[in-house]
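Taking it in order: structure first as structure tokens, then the write-up.
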């Protein structure tokens, strides 16, 4: 680290609840979000740490780092492993990312829109960590970092509890307003069925129009899974 010094620690902690079980602690890093200014990334570090702690991810520190022409937050967190030389990493949560493809005219507008969409994640029981804006052509859209529970069976990963999936309508429409009306009806039906919609968009298909819907779907997990 140039002219400075640092140190790392690896240690063993015996699990007193199971006399024969020993686990290890590994310090790992993850990167979240994008910010135009380094100062904005620094201001949001503690907020990200607090959100991770609320969902059971033991974040111990963070810093702002360069990410292309922007800045991101690098978080250091604690992960329990079975073996330091060949870790069996079974974290309770995974950090996933959703990129919206809808476009909005201004960065401030898209950040507000991203926060509105957080309601869909909350209704599904998903913890949102961070929203950030990114440019698309001459407009903007938003991205969402969120934590979703991992499901294991006999110590092996089998699925995440939730996935974001896309429904693409098979019918084409002659007019844009017809496609929009059908899309709005299906969005309402999806939400009422517990398939919480995070984004939907009408798009051109040659001389016609169609639409897609991005929604949150809970996976059917076997009862025997951990």
- Cα→Cβ-extended label distance, 7 Å offset, between residue 40 and residue 122, nm: 2.3 nm
- For residue 201 and residue 136, extending 7 Å from Cα along the Cα-Cβ vector and measuring point to point gives, in nm, a value of 0.2 nm
- Message: Using Cβ counts within 10 Å as a stand-in for footprinting exposure, how do 117, 166 rank, fewest first?
- Response: 166, 117
- Contour minus end-to-end for residue 170 and residue 78, with contour as 0.36 nm per residue of separation and end-to-end as the Cα-Cα distance? 28.5 nm
- Can you put 168, 144 in order of Cβ neighbours within 10 angstrom, beginning with the fewest? 168, 144
- Task: For a footprinting-style exposure proxy, rank 51, 42 by other Cβ within 10 Å, fewest first.
- Result: 42, 51
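Each reported figure results from applying straightforward, stated rules to the coordinates on display, with no laboratory input. Fair warning: this is a prediction, and the values are worked out from it, not measured in the lab. Reconstructed Cβ throughout: ideal geometry from the backbone, glycine too, with neighbour counts over all protein chains shown.
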